[in-house]
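The values are calculated or read from the model by the stated rules, or taken from the named source; none is laboratory data. Just so it is clear, the structure is predicted and the values come from calculations on it, not from any experiment. Reconstructed Cβ throughout: ideal geometry from the backbone, glycine too, with neighbour counts over all protein chains shown. The area values use the complete protein model at the heavy-atom level, side chains included, leaving out ligands, DNA and RNA. Shrake-Rupley method; radii C 1.70, N 1.55, O 1.52, S 1.80 Å.
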Amino acid sequence: MTTSATADRARYDRATAELDAPLAIVDLDAFDANAADLVRRAAGKPIRVASKSVRCRALLERVLAMDGFAGVMSFTLAESIWLSRAGFEDVLLAYPSADRAGFAELTADPKLAANLTVLVDDPAQLRLIEQARAGDEVVRVCLELDTALQLFSGRLRVGARRSPLRTPEQLAGLAEWVQQQPGYRVVGLMAYEGHIAGVGDQVAGRPVRSRLIQVLQAKARTELAERRAAVVRAVRRVADLEFVNGGGTGSVQSTVAEAAVTEVAAGSGLYQPRLFDNYRSFHGRPAALFAQPVVRRPGVGVVTVLGGGYPASGPAGADRSPVPYLPTGLRYDPQEGAGEVQTPLLGSAADDLLVGDKVWFRHAKAGELCERFERLHLVAGDAVAATVPTYRGEGRTFL
C-alpha cells in the first residue's frame, strides 16, 4: 500500500470509527480539489453541474458556491421542479420528459417557468407539453444535437443514441417551428459528446484499445466542432440563444476550446468514480467512497464483507462493479464477484483485517452510489465535518 493510500485509509477509519458500516463518505478535500481542476480546465467558461452525478443537495450547493460553476443540469422533470423550489437557479432538464403532471405544474407557475428549461428534440414532445398545459406561462426550450460520429456513410456509429437531430437544417427547422408555437421560446442548444467525455482514452493494460479510442476521439472532436459551429450559426438565425452547452467531465478542456460553446457540463469528476481513471488529460482524486464491514474470515487470504453488490448502469461487465480500494491488494473471487448479501475478497491484505474492520470501495459511476445510501458523511481531514442526506435520504428517488 502506498504512503498516500495508507494515510487516506487511516484518516477514513479514524473519521468513521464510531460509525457502523455499511456507510458512504465524501472526502471534502478531494471533492474541492476536483472542482478546482474542472474550473482550471474550463478556462473561464462556466460549468453547469450535472445533478445526476452528485444526487445530494448539500454538495450541489457546495460546488455551486464556488467560482466557475453556474446552473444545474438535471435528469428528470420532477427533480428539476424540486430543485427549483429549493432555490437552485437556472435548471436545465437535459432529457426529454413525459411527466404530464410536472408540465402542468411548470406551465402554471411563473417562477418555475422562468427558472427551468426543458429539452425537446421532436415536435411530439412539445405536443405532449401542450396537452398537459395548465397555465399560460412561456416554456423555455433547449434543443439537443446528436453528437455521434458516423463513418462509412453512417454504417458505423460512435456515440450514444440520443437526439435524432444532426444537421444545421434539422436543428434550425425545429427551432423555427418551436418559435412559431404560442407559449414556447428556444433559449438553448445542448450537445453531449459522451463518446469523448465519458470514455477514457488510456485504458490500463490495453494499449491497442487505447490507441484506437484516441484516434476515433480525435476524429470525433474535429467533426463535431465543425458541425456544432454550423448548427449554432443556423439556429441563431431563428432564435436568440442564451446558452450553448456541451462537454462532460472527460472533454471539458477540448469542448471549451470551441468558440460556439458558451458553457460546459460536468459532474462525475467531482466524485471521481473508477470509470474516470482512464484519461490522459486529467487525473482526479477519489472523493466518494463506501465502506462495507468484514463479517467473516473463511480462511487464509480471504475475508467476507457484508453486501457490496452495487453495479453501475451500462453494458454489463467487470468495469461496472465497484472496486475494492482500501486496503490495497484486495480482489473479488471470480466465482462470486460483488454479492447481493456478502462479498468474499481475496488477497494477502485480507490476513490483516479483523471482523468489524472496514473495507473501502469505489463505485464505477458517480451519483448512482447515492441511490444505495441515505446519507453521506463529509470527511475533512480525519473527522466527519457533517452528515447530509442524499436524494434517497430525502425520500426522493427520481429514477
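Okay, here's what the table says:
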read-out	value
All positions within the stretch 33-58 that are open to solvent by 50 Å² or more (accessible area, probe 1.4 Å), of a type in the set (D, E, K, R) and touching a residue at least 24 places away in the same chain (Cβ under 8 Å)	K52, R57
Matching strands (runs of 3 or more DSSP E) fully within the stretch 1-112 where at least 1 residues are within 30 Å of T343 (Cα to Cα)	23-27
Condition met for R372 (out of contact with any Cys (no Cβ under 8 Å at 6 or more places or on another chain) and modelled with pLDDT under 95)	no
Single condition T328 does not satisfy, out of (1) surrounded by fewer than 22 Cβ atoms within 10 Å (Cβ to Cβ); (2) within 21 Å of the chain's Cα centre (by Cα)	(2)
Residue within the stretch 204-221 that is buried (at least 20 other Cβ atoms within 10 Å of the Cβ) and either in contact (Cβ under 8 Å) with a residue 40 or more places away in the chain or in a loop (DSSP other than H, G, I, E, B) (or both) present	yes
Every pair of residues 6+ apart whose Cβ atoms lie under 6 Å, when the first sits in the stretch 370-399 and is under 20 Å from L28 (Cα atoms) while the second is among the acidic types (D, E) and surrounded by 17 or more Cβ atoms within 10 Å (Cβ to Cβ)	V379/D27
Within the stretch 137-178, strands (runs of 3 or more DSSP E) holding 1 or more residues that are of a type in the set (D, E, K, R)	139-144, 156-158
Subset of the stretch 287-306 [open to solvent by less than 10 Å² (accessible area, probe 1.4 Å) and under 27 Å from F276 (Cβ atoms)]	A287, L289, F290, A291, Q292, V305
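Residues are listed down the side, and each one gets a yes or a no for (1) buried (at least 20 other Cβ atoms within 10 Å of the Cβ); (2) closer than 30 Å to P96 by Cα:
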site: A312; (1), (2): no, yes
site: G339; (1), (2): no, no
site: F361; (1), (2): yes, no
site: R375; (1), (2): no, yes
site: A385; (1), (2): no, no
site: T397; (1), (2): no, yes
